[in-house]
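Following: one structure in structure tokens, then a few remarks.
The values are calculated or read from the model by the stated rules, or taken from the named source; none is laboratory data. Predicted, not measured: the structure shown is a model, and the values here were computed from it. Cβ: placed from backbone, ideal geometry, glycine included. Neighbour counts: every protein chain shown. Ligands, DNA and RNA are stripped out before the accessible areas are found, and what is left, the full protein with its side chains, is counted by its heavy atoms. Shrake-Rupley method; radii C 1.70, N 1.55, O 1.52, S 1.80 Å.
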Amino acid sequence: MLELDLSQEIAALRATFGDIRTVIDVDALEAQIAELSEQAGAPDLWDDTANAQKVTSALSHRQSELKRITEVGQRLDDLDVLIDLANEMEDEDSAAEARAEVAALQKTIGDLEVQTLLDGEYDDRGAVVTIRSGAGGDDATDFAEMLMRMYLRWAERHDYPVKVLDTSYAEGAGIKSATFEIDAPYAYGTLSVEAGTHRLARISPFGGADKRQTSFAAVEVIPVMEEATEVEVPENDIRVDVFRSSGPGGQSVNTTDSAVRITHLPTGIVVSMQNEKSQIQNRAAAMRVLQTRLLLLKKEEEAAQKKELAGTITASWGDQMRSYFLYGQQLVKDLRTGYEVGNPATVFDGDLDGLIAAGIKWRKRKRKDDD
């Protein structure tokens, strides 16, 4: 006789889910959605394009967040029904489905629980990710492309919309750099723990000596900030270069010089965009990223000054934050958290949630210790 009892597991899930609802404050979230919906329905909304985009983006993100919470609550209710059905009908298929759903909900609710740790000023925003190859020649540019694919696959696993803004291909293998935007709630808070220098150690596929090659790539993550457009950038402070977009191996993919590179002369910040169809669109996208970086730079300088006055300057994470070993012992190891994965192939295929969750928890503890 079939007697499926998952009451303890479900009770634990409901308790954790209740805590999550309290931290997120679902009532406040619904009130925000109602207010933003009213603003979005105003007949003159698009008279101010910048404000309209800010309102609709905020509304979309909060609706997505509420939908995720609501769907988990519904799945918990449906699970009770499924277990009752399995026991009543003595149906092993329904019992197996119920066990699988418990495991799936444990992961989903675990992810939501980690999200409650994202309470930084911009953590709830979308993210703009830039990857740059470092030392290591063809191995480094190939590694940069591997990292780009890894993050795009991670976003795909979560059904997050992605827009590639710029890709600079290397003459040999891989990419020199790439910039892409992930438009999803908490994408910045989640992915910001990925920022830093990543190291790859493997037997190089580009050399004939079968020697171990070490290469590096840098990952930068900044939030999508509508208010950054308010940052004034004098024309005298920038140099704008236009060039022809290129594909793999340096092939031209456009017949016009539509790609744009903006250099901010006072800081040396360089932003390139080439994936939009026109020079005007690429320049606008580049300016938005430049303004965001300048706003973040200003806030970082202000924070550093406050810490200096208080005498509590703390070291940064350092350059190298994660190593990927693809020879001998196959391993991915985060050097900050100690978290390890013994199957690098799954990581490069976008299975990053364990590494990211460990990073978020590490950062939360670090911030608490610094306060």
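The magnitude of the dipole of the stretch 40-170, with charges of +1 and -1 set on the Cβ of Lys/Arg and Asp/Glu and taken from the Cα centre, is near 780 debye. Just to confirm the number: angle between the C-alpha axis of helix 49-89 and the first principal axis of the chain, 0 to 90 degrees, nearest 10? It is inclined by approximately 30 degrees.
Per residue, the chain exposes 52 Å² of accessible surface when a 1.4 Å probe is rolled over the protein heavy atoms with every protein chain present.
Seen from residue 40, the other residues with C-beta closer than 14 Å to its C-beta sum to a net charge of -3, counting Lys and Arg as +1 and Asp and Glu as -1. Compared with the alpha-carbon gap, the fully stretched path from residue 34 to residue 210 is longer by 57.2 nm at 0.36 nm per residue. Split the chain at each of the chymotrypsin sites (Phe, Trp or Tyr not before Pro) in a DSSP loop with at most 16 other beta carbon atoms within 10 Å, and the longest piece is 1-205.
Evaluated with a Cβ-only charge set (Lys, Arg +1; Asp, Glu -1), the chain carries a dipole of roughly 2200 debye about its Cα centre, given to the nearest 20. Toward the positive end of the charge dipole of the chain, about the Cα centre and with charges on Cβ (Lys, Arg +1; Asp, Glu -1), which of 122, 28, 323 goes farthest? Positive-end residue among those listed: 323.
Taking the helices alone, the chain has a mean residue ellipticity at 222 nm of -16500 deg cm²/dmol, built from -39,500 (n - 2.57) per DSSP H run of at least 4 residues and averaged over all its residues. Share of carbon and sulfur in the accessible area of the chain stands at 48%, probe radius 1.4 Å. Think of the chain as a dipole: +1 on every Lys or Arg Cβ, -1 on every Asp or Glu Cβ, centred on the Cα centre; then among 11, 292, 360, 292 lies furthest on the positive end.
Of 85, 296, 165, the residue with the greatest mean-square motion in the GNM of the chain, using alpha carbon springs below 10 Å, is 85. The charge dipole of the stretch 99-159, taken about the Cα centre with unit charges on the Cβ atoms of Lys, Arg (+1) and Asp, Glu (-1), comes to about 200 debye, rounded to the nearest 20.
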